[in-house]
Amino acid sequence: MRELRPGLWHWDAPHPEWTEGEPWPQTVSSYAIDDGERLLLFDPLAVPSEIEGRAADRRPVIVLTAPWHERDTQSLLERLEAPVYAPAPDTAEDLMQKFGLTREQAGEGSPDLAWLRAGDRYEAHFYTPADRPLGARVFSGRVDNDVVLWLEDHRAVVAGDSLADFGRGLEIVPGWLPPGVTQEQIAERLHPLLELPVELVLAAHGGPFDRAALERALS
């Protein structure tokens with residue numbers, strides 16, 4: 001774990017569901033921000049005890065950049081009783097439209113965060129690019145629920161799988177694009193980020209990165 005600047009931390013950990021042959025590295029990144037009132041945990045996995053201990057004096061909040069990035073969310077909720085902010089999982093219609101699945105293949109839609117959506121045991125907030133969750137600005141990435149968040153107070157963007165480092169530096173990973181979607185299209189979609197005073201890119205795979213890395217990824 002390292003403190004990137006006062007109140008902003010990064011750490012990495014091996015993903016428990018990683019298997020040999022995966023295109024993405026086993027080690028993934030998580031981040032935390034202490035804004036004086038809230039402890040924001042982004043795509044959290046194996047949260048260090050020093051970070052989790054801060055929840056005693058702050059209001060903990062879990063923020064996911066994609067619904068499939070739940071990682072340690074459920075176990076954290078058992079301990080912290082934190083609200084969860086996440087992009088909405090795909091419906092059956094979403095899966096058919098995005099990935100060309102048949103109705104039979106799409107079934108009842110994505111199983112992502114099904115435990116969170118069932119009942120009212122946990123506080124869940126599903127957001128879209130039209131929303132401003134926790135004051136963040138939301139940009140659609142390679143799909144509408146794989147997002148990039150702009151945190152103005154910290155001059156940082158938080159990226160799910162749309163901007164990642166699989167060993168070649170920060171990039172729009174070509175092998176993870178939906179059918180018929182190009183890197184150039186995603187770069188154009190995310191290009192407004194370069195109009196913002198971005199200083200840090202907090203990527204869930206790799207990172208953190210500086211503005212120059214973002215400029216290269218979107219060039």
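Every number here is computed from the coordinates shown, using simple stated rules; none is lab data. Remember, predicted model here, so these are calculated numbers, not experimental data. Heads up, the Cβs are rebuilt from the backbone with ideal geometry, glycines too, and the neighbour counts pull from every protein chain shown.
In sequence order, what are the phi-derived ³J(HN,Hα) couplings for the range 133-143 according to the Karplus relation 6.51 cos²θ - 1.76 cosθ + 1.60 with θ = phi - 60°, rounded to whole Hz, with x for glycine and proline?
x, 6, x, 7, 8, 10, 10, 5, x, 5, 9
How large is Rg over Rh for the range 49-126, taking Rg from the Cα atoms and Rh as the Kirkwood inverse mean of 1/r across Cα pairs?
1.08
Pick from A118, A13, A46: which residue has the top mean-square fluctuation in a GNM of the chain where Cα pairs under 10 Å get a spring?
A118
Order of S49, S140, S30 from fewest to most other C-beta atoms within 10 Å?
Result, fewest neighbours first: S49, S140, S30.
With a 10 Å cut-off between alpha carbons and a GNM built on the chain, which of L134, L202, L170 moves the most?
L134
Kindly provide log₁₀ I(q)/I(0) values, in the same order as q = 0.08 Å⁻¹, from the Debye equation applied to equal alpha-carbon scatterers of the chain.
-0.27
Got a sec to turn the phi values of the range 14-21 into Karplus ³J(HN,Hα) couplings, 6.51 cos²θ - 1.76 cosθ + 1.60 with θ = phi - 60°, whole Hz, x for Gly and Pro?
Rounded to whole hertz, the list is x, 6, x, 9, 6, 10, 4, x.
List the relative contact order of the chain as a percent without decimals, with contacts defined as Cα pairs under 8 Å and 6+ residues apart.
Relative contact order here is 15 percent.
Just in the range 117-217: which GluC sites (Glu not before Pro) are loop by DSSP and have at most 16 other Cβ atoms within 10 Å?
E123, E199
Test of understanding: ordering W150, W18 by Cβ neighbours within 10 Å, fewest first, what list do you get?
Fewest-to-most Cβ neighbours within 10 Å comes out as W18, W150.
List the trypsin sites (Lys or Arg not before Pro) within the range 95-185 that fall in a DSSP loop (any state other than H, G, I, E or B) and whose Cβ has at most 15 other Cβ atoms within 10 Å.
R121, R155, R168
Which net charge results for the neighbourhood of E3, defined as the other residues with beta-carbon distances under 11 angstrom from its beta-carbon, given Lys and Arg at +1 and Asp and Glu at -1?
With Lys, Arg at +1 and Asp, Glu at -1, the neighbours total 0.
Just to check I understand the Karplus step: with θ = phi - 60° and J = 6.51 cos²θ - 1.76 cosθ + 1.60, what whole-Hz values come out for the range 65-70, glycine and proline as x?
Residue by residue, the range 65-70 yields 8, 7, x, 8, 9, 5 Hz.
Against the 2.2 N^0.38 Å scaling, with N counting residues, where does the range 105-219 land? I'd like the Cα-based Rg ratio to two decimal places.
Against the compact-globule rule of thumb, the ratio is 1.14.
Find how many whole Å separate the alpha carbon centroid of the range 61-114 from the alpha carbon centroid of the range 137-200.
One Cα centre to the other: 19 Å.
Kirkwood Rh over alpha-carbon pairs of the range 133-200, then Stokes-Einstein at 37 °C and 0.692 mPa s: what D in µm² s⁻¹, rounded to an integer?
264
Give the residue from L40, W24, H69 lying farthest towards the positive end of the charge dipole for the range 2-217; charges sit on Cβ (+1 for Lys and Arg, -1 for Asp and Glu) and the dipole is referred to the Cα centre.
Among L40, W24, H69, the one farthest towards the positive end of the dipole of the range 2-217 is L40.
Going by C-beta contacts inside 10 Å, put R132, R79 in order with the fewest on the left.
So the ranking, lowest neighbour count to highest, is R132, R79.
Are there GluC sites (Glu not before Pro) in the range 1-98 that DSSP puts in a loop and that have at most 16 other Cβ atoms within 10 Å, and which ones?
E17, E20, E37, E81
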